[in-house]
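Report on one structure; see the data block that follows.
The values are calculated or read from the model by the stated rules, or taken from the named source; none is laboratory data. The structure presented is a predicted model; accordingly, all values stated were derived computationally and were not measured. Neighbour counts run over all protein chains shown; Cβ positions are idealised from the backbone, glycine included.
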Amino acid sequence: MKAFTQIPKLCLAPMVRIGTHPFRILALRNGADIVYTEEIIDKKLANVERRENHELKTVDFVHKKDEKVVLRVSSEEKGKVVCQIGTNSVEGAVKAALMVKGYVAGVDVNMGCPEYFSVHSGMGAGLLEVPDRAKSIMQALKETLEVPVSCKIRILPKEEDTLEFIKAMQSVEVDHLSIHSRIREEFSRGYAHWSIVKKAMEDEKITIPIRASGDCFSINDAIEMNKYTSCEGILIARGACHNPAIFKDIKKYWTTNSQNEDLKEKAKYLYSEHKKPLNECGLENLAEKSEILNQLKPEATDTLSKSQAKKRAKRILNKMKKSSSEQKGADGKQSKILAKMIERRNIGCRKVDIIPLCQDYLKLAIEYGNNFGNTKYTLNYMLRTHKDQEVVFNKITSAQNMQELAQAITMDDFYSKMVSRQPSLKSYFDNTFYK
Ligand SMILES: Cc1cc2nc3c(=O)[nH]c(=O)nc-3n(C[C@H](O)[C@H](O)[C@H](O)COP(=O)(O)O)c2cc1C
């Protein structure tokens, strides 16, 4: 076993629409060591023009066709921002990598996206099915870039397949790898299977540094995740939306460890009494689950009659839809399921004061001319698990422009001051500045 004794790197996980410049800066200012961009599809990145933005002091990657900002980076992120790309080919990956070469601290390939559009075109989790292609892509990126090259995978239904895939990535000298420990069909539902990360860390043939992703919502989770898996880093996604200061909170715990025995005891209690999420890692279980979920695919129905398969698929689909809309819908209602889960996992931790963090985020979004739709989506995501902020959540949901977002969280004065000093910001909010 690779005894990983250092404090794990705390990373803002890649998140579409959320991991744009202001949220990454917010995470860094709140203790994140590394921040991943949202996934950017290679074809999009290959079609951008790089522009120095002297007004905002950023480097903008602007799409040639619609003039939209595809990626915006600034010097505050230097050495810490990893660009995640979505790709299905060596050529596409290399073109995208060359575009960001010299401007990012690493390039990561998304091999975990379970969405149909991604898998269907051989990107995201689709790459897990073609290890040779995944290897060629990673090898080509290694040859193209001097900065670390990594990939983020999901687990496969059979443990040995996941370990084999990791070894395949290691064979082409990928610098590190992240595991979102759920199978593709699970999306973000149920508990993450941390045991696979632990198995990979214990496998003597696996030496590549591994970062764990999935269900780190609190200091308790970070302590337990690190102790249980010995991972080299932790990627935090939904937990960072609920509390963008989670990185700082975890670090504070780690650096003043001895003074926090009480919290440690609570974490121990939480996981030993409730045996979650470590109790449901049986791999046969996973393979079985995957098989059932695969009934949704028409080609996997040979053993069932057509009508049986249809009924079964409908049943599963309805179940999935119900929990998925509840879990996913940042633009709809607050997420009660997720809020409850986060609350339980935060036993013993201080309550998160989310409004000042939303204000910090909005300040950055205004200062850096972030697009309105994206800003609204992120604020919704930050608030959706805070049951006590339903009124603000609803105001954000009905906001039609940046000014209304600012009003919803009492930032009107800041908005007015910034816009009167720099009227061009308004066109950035509409994403029309370069037109
Ligand atoms: C809103 C949202 C967007 C996401 N976008 C991406 C993405 O662009 N690339 C990626 O690899 N994973 C993406 N993920 C998955 C997360 O990076 C992470 O692996 C997953 O949510 C589990 O971690 P968590 O329990 O900390 O949320 C996304 C997750 C969320 C919630």
*Subset of the range 12-31 (residues that are among the small types (Gly, Ala, Ser) and within 13 Å of the ligand (Cβ to nearest atom))*: 13, 19, 27
*asked:* Condition check: assigned to a helix (DSSP H, G or I) and either assigned by TED's automatic domain parsing to the domain that holds residue 374 or without any contact (Cβ under 8 Å) to a residue 60 or more places away in the chain (or both). Does residue 410 satisfy that?
replied: no
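Okay, residues lined up against (1) at pLDDT below 95; (2) within 27 Å of residue 236 (Cβ to Cβ); (3) out of contact with any strand residue (DSSP E or B) (no Cβ under 7 Å at 6 or more places or on another chain):
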position: 337; (1), (2), (3): yes, yes, yes
position: 401; (1), (2), (3): no, no, yes
position: 417; (1), (2), (3): no, no, yes
position: 433; (1), (2), (3): yes, no, yes
*Take the residues in the range 219-261 that are among the small types (Gly, Ala, Ser) and in a loop (DSSP other than H, G, I, E, B), then tell me which one is surrounded by the fewest Cβ atoms within 10 Å (Cβ to Cβ).*
230
*Which of the residues spanning the range 2-46 are part of a loop (DSSP other than H, G, I, E, B) and out of contact with any helix residue (DSSP H, G or I) (no Cβ under 9 Å at 6 or more places or on another chain)?*
3, 5, 6, 14, 16
*asked:* If I go through the range 175-199 residue by residue, how many of them are among the small types (Gly, Ala, Ser), part of a loop (DSSP other than H, G, I, E, B) and over 23 Å from residue 33 (Cβ atoms)?
replied: 2
*Residue in the range 47-66 that is farthest from the ligand (Cβ to nearest atom), counting only those that are in a loop (DSSP other than H, G, I, E, B) and surrounded by 14 or more Cβ atoms within 10 Å (Cβ to Cβ)*: 56
*Within the range 313-330, identify whether any single residue is assigned to a loop (DSSP other than H, G, I, E, B), modelled with pLDDT under 60 and in contact with a Phe, Trp or Tyr (Cβ under 7 Å, 6 or more places away or on another chain), and answer yes or no.*
yes
*asked:* Quick check on my filter: what residues within the range 99-149 are more than 14 Å from the ligand (Cβ to nearest atom) and among the polar types (S, T, N, Q)?
replied: 121, 136, 139, 144
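Listed here are the residues, each with its yes/no results for (1) part of a strand (DSSP E or B); (2) surrounded by 20 or more Cβ atoms within 10 Å (Cβ to Cβ); (3) of a type in the set (Asp, Glu).
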{"position": "201", "(1), (2), (3)": "no, yes, no"}
{"position": "204", "(1), (2), (3)": "no, no, yes"}
{"position": "207", "(1), (2), (3)": "no, no, no"}
{"position": "212", "(1), (2), (3)": "yes, yes, no"}
{"position": "217", "(1), (2), (3)": "no, yes, no"}
